[in-house]
1. Mind checking the dipole of the chain: about its Cα centre, +1 per Lys or Arg Cβ, -1 per Asp or Glu Cβ, Debye to the nearest 20?
2. Return the long-range amide H neighbours of Val408 (sequence gap of 5 or more, or a different chain), with a cut-off of under 5 Å between placed amide H atoms.
3. Please list 3J(HN,Hα) in residue order for the range 133-148, calculated via the Karplus relation 6.51 cos²θ - 1.76 cosθ + 1.60 where θ = phi - 60°; whole Hz, with x for glycine and proline.
4. Given points 7 Å out from each Cα along the Cα-Cβ axis, report the Ala211 to Tyr46 separation in nanometres with one decimal.
5. Along the charge dipole of the chain, pointing to its positive end and built from +1/-1 on Cβ of Lys, Arg, Asp and Glu, which listed residue (Val94, Ala374, Gly146) has its Cα farthest out?
6. List every residue whose amide H lies under 5 Å from the amide H of Glu310, counting only residues 5 or more places away in sequence or on a different chain, with H placed 1.01 Å from N in the peptide plane.
7. From the Cα gyration tensor of the chain, with a ≥ b ≥ c the square roots of its eigenvalues, which class applies: rounded if a/c is under 1.5, or else prolate if a/b is larger than b/c, or else oblate?
8. Is the range 223-319 best put as rounded, prolate or oblate by its Cα gyration tensor, with a ≥ b ≥ c the root eigenvalues, rounded for a/c under 1.5, and otherwise prolate when a/b is larger than b/c, oblate when not?
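Nothing in this text is a laboratory measurement; each read-out follows from the coordinates by a stated rule. As the structure is a prediction and not an experimental result, all values here were calculated from the model. Methodologically, a virtual Cβ is constructed for each residue, glycine included, from the backbone with ideal geometry; neighbour enumeration extends over all protein chains shown.
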Amino acid sequence: MSKQLLSGNEAIAQGAWEAGVKVGVGYPGTPSTEALETLVAKDGVYCEWSPNEKVALEMGIGSSLGGVRSLVAMKHVGVNVAADPFMSVSNTGVNAGLVLLAADDPSCYSSQNEQDSRNYAAFARIPCLDPSDSQEAYEMARAAFGISERFDTIVMLRETMRIAHTRTMVEVFGERTVPAQPPYESHPEKYVMMPANAVSRTLAANDREDALLAWADETPLNRIELRDRTVGIICAGALYTHVREALPEASVLKLGVTWPLPSGRIAEFAREVDALYVVEEACTYLETRIRALGMPVQDPPAGRLPRSGEVTPAHIRTAFGIEDPSHLPPAEGLPPRPPAFCTGCPHRLVYCELRRIKAIVTGDIGCYTLGAVAPYRSVDSVIDMGASLSMAHGMELAGVSGQTGRPVIGVIGDSTFAHSGITSLLGTVYNGGTGTLCILDNRTTAMTGTQGNPVNGVTLAQQAARVSPLDNPSGKPLDLVRLCEAIGVDEVELVDAQDLKAIRAALKSAVNHTDKLSVIIFKAPCRLLDRSKRPMPVIRDCRRCGTCVNIGCPALGKDETGHPVIDPAQCIGCGQCAQSCPFGCITQEG
């Protein structure tokens, strides 16, 4: 045994590797990303990024049926995308161990919602393991594959952002054990989900549920900790750690398995304590089910916990009427730090132009969502990955452009287009849609850490070897122009995203017709990839019109007289401000 300081994601990768995982697959999404980025660096494991989570899970199902233990990783909203194969494999069962890592995001630190993935586990009636720190993340990852094979089922390993990204000391074995690979055998009655087979597999799932219910009451992953019996708290995951910090004397039923719930253990705990409480965050997953078991769950004595967002030890102390230790007040007078595009970001000029032409923009998930905030305020909707193109078509059918006199434009990034935008575009073309769609190709999946994707052709293995998307990867990059033309798009144009005149001309041409569909691909590398620096622009004879400042570059500001100034520490010489100045007062020399 040895001790290592690991995040929850790193601990899961270590546990999975020790359990003999041979295949790791997923789609990058905070807070799950680092699990596969850690696993890919270990010996004896093949890992890859898939175009989306549905494809990732289907590949993991295939490798499991082929006889190798497989880990599939995604964030909580990715489980929505993978729900179709997820619900089916919960019926078919597995051959070798199959584990789905679902990373939830209470407080929406990097997500459009804070859904609780445990509801999917209950819906599919498959085991859900819920670690409370990195040590448990490691141990549960090691154990999950054996549980999967024992009960012939996919297993969900559910973490939250607080577990995924917090580093704690972990005692690890450090040795890898690869079980004998079971041979592949054809069993269409088990794996072909036509109606007659699905009915019989549902009966098998019923039997599995009975076995899991008995197991949940026996497994040491659920444990009762009796201390002060006047207060009994049921909790799971990171909330266990918070409860122990906030109420160290309280008795606790610590749930490591959150589906199925251990009804016998819960009833036993309820008998041992005077008052029974449930502490959880973002939803009432546990409370609803424990009340349904007939348990006398009470509200905290001094008020309920927050209905949304992360629950902290301070929230718990307050809810139980305990004065929270005093904290220093926030510092006053600090300047606000709103999210912003990086200096030299290739998305900036595109959004400046969309703002200028007063476009109605249906947006998508990625860095370019920041087009919704100041100073651009030009994104009108962001729903989910791939929605931008479908929604633009829907708004076209509703006649929004004719009603408002403003063009409707869908905007999507390169990785998101590969994830789920291709089918949206295909639907628009197939049904004769018109209008303008923009693909912002910055050569990477920037928002989650510059991972590779099908458009730049960099694989997860190459990423681990530090191959840049600007190099010539051995993967096969997707040619966006040829793809759009093959689908049947009427007009496809490739434009330099750092060339304002070209951007303006392309958008003007596209929105000036109503009888065809135009796709404009704005291409330039993300500044996190291209860190080259050119001479800083010089401002002369400024007329103080404010146009340059309004492009929202972090390197541009105003002095006390209202005169624009360029911060030499931040400027990278991209020339966006020089192109934007209507009077030519900014020049780029050298």
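1. Values: 53 positive and 66 negative charges, 292 e Å.
Rounded to the nearest 20 debye, it is 1400 debye.
2. Here Ile360 satisfy the definition.
3. So the Karplus estimates, Gly and Pro as x, are 6, 5, 4, 5, 4, 5, 5, 6, 5, 5, 7, 4, 6, x, 4, 4 Hz.
4. 2.9
5. Highest projection toward the positive end goes to Ala374.
6. When sequence neighbours closer than 5 places are left aside, the close amide H contacts are Ser107.
7. prolate
8. In terms of gyration-tensor shape, rounded.
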